[in-house]
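The values are calculated or read from the model by the stated rules, or taken from the named source; none is laboratory data. Note that the coordinates shown come from a computational prediction; the quantities given were computed from them, not determined experimentally. Cβ: placed from backbone, ideal geometry, glycine included. Neighbour counts: every protein chain shown. Protein only, heavy atoms only, side chains kept; ligands, DNA and RNA dropped before computing areas. Shrake-Rupley method; radii C 1.70, N 1.55, O 1.52, S 1.80 Å.
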Amino acid sequence: MTIDIRVLELLASKLCHDLVSPVGAIRNGLELIEEMQDDEDGAPAGGFVGEAVKLIDHSSLQADRRLRVFRLAYGVAGRDQKGFGDARNAAAGWLDGGRTKLDWPERVPSDMIAYRRGVVKTLLNLVLLADEALTHGGTIRVTGEGTEESGRLTVTAEGRPGALNPATAAALAGTEAAELTPRSVHAYLAGRFAEDDGFRIAVTPSGPDRLVLTADW
């Protein structure tokens, strides 16, 4: 059985939409707890309660950031974006607090490129693949050039090991669905989304600690 790409996008959009509300409610509840604690004794919550609030706050923030990424990387919203700002912020949130840093300047690529169908989704998925390649941390650099009609996105992963594992590389290229694993399914979907929107993905090692991912159209 084959499933249309748009069906996958709609399912991802629904899942993200259904989960955003409860995650947002948790964060709103935490803010209310902190305000109530401040009103009672004039000091921020401390001790066990304070630590519990911090833990829940951190976890709910991480969940919120992941949902923002999934919404753009897998859902319909990624195709509809007319600028890279939301994707840049989502990627920054995804990497925040980890060992990999993001070098993605504002207005890069030009937002005029973003009018091409699926380009924002494709770029964000390349960033996620670059992060997967840097298991020991490093830097991800994003550049792009061209127009809506023709151009190239470039995502450079600098750090160790600077390579996709064989299963991920095979999935990106279009391995048989029966051979997919939970770890490699992202690469498979990234490749199929890109193909559906007319992008040609290439992954090229450039030295022992550098991997270059490109999308051409």
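Using the Karplus curve 6.51 cos²θ - 1.76 cosθ + 1.60 with θ = phi - 60°, what ³J(HN,Hα) values do you get for each residue of region 53-70, in whole Hz, with x for Gly and Pro?
4, 4, 5, 5, 4, 5, 5, 5, 5, 4, 5, 5, 5, 5, 5, 4, 5, 4
Just to be sure I understand the model, the point goes 7 Å from the Cα along the line to the Cβ. What's the resulting Met36 to Ala202 distance in nm?
Going from the Met36 label point to the Ala202 one covers 5.9 nm.
If the chain between Asn165 and Leu55 were fully stretched, how many nm would it gain, using 0.36 nm times the residue separation less the Cα-Cα distance? Kindly include the intermediate steps, with their values, before the conclusion.
On the way: separation 110, 0.36 × 110 = 39.60 nm, distance 3.29 nm.
Here the segment from Asn165 to Leu55 would lengthen by 36.3 nm.
To test your reading of the geometry: what angle, between 0 and 90 degrees and rounded to tens, separates the Cα axis of helix 85-95 from the longest principal axis of the chain?
70
Which whole-number percent gives the relative contact order of region 49-116, counting Cα pairs below 8 Å spaced six or more residues apart? Numbers along the way, then the final one.
On the way: 37 pairs, mean separation 22.3, N = 68.
Relative contact order, region 49-116: 33 percent.
Run the numbers on the chain and let me know its relative contact order in percent, using alpha-carbon pairs under 8 Å that are six or more apart. Don't skip to the answer; put the middle values down first.
On the way: 341 pairs, mean separation 35.2, N = 217.
It rounds to 16 percent for the chain.
With a 1.4 Å probe and all protein chains kept in place, how much accessible area does Ser150 have, in Å² rounded to the nearest 10?
60
Quick check: pseudo-label points 7 Å beyond the Cα along Cα→Cβ at Lys82 and Ala173, how many nm apart are they?
The two pseudo-label positions are separated by 4.0 nm.
Tell me the carbon and sulfur percent of the accessible area for region 129-204, rounded to whole percent, probe radius 1.4 Å.
Numbers: 1860 of 3620 Å².
Looking at region 129-204 in its full context, I get 52 percent from C and S.
How much accessible area per residue does the chain have, in Å², with a 1.4 Å probe?
Numbers: 11760 Å² over 217 residues.
Value for the chain: 54 Å² per residue.
Which of the peptides 137-145, 183-191 is most tightly packed, and how do the rest follow, judged by the mean count of other Cβ atoms within 10 Å per residue?
Values: 137-145: 18.3, 183-191: 20.0.
So the order, starting with the most tightly packed, is 183-191, 137-145.
Hey, what number do you get for the chain at 222 nm if only DSSP H runs of n ≥ 4 count, each worth -39500 (n - 2.57), divided across all residues, to the nearest 500? All intermediate terms of the calculation are to be shown ahead of the outcome.
Working: 7 runs with 115 residues, N = 217.
Value at 222 nm, helices only: -17500 deg cm²/dmol.
How far apart, in nm, are two points set 7 Å out from the Cα along the Cα-to-Cβ line at Arg107 and at Gln62?
3.7
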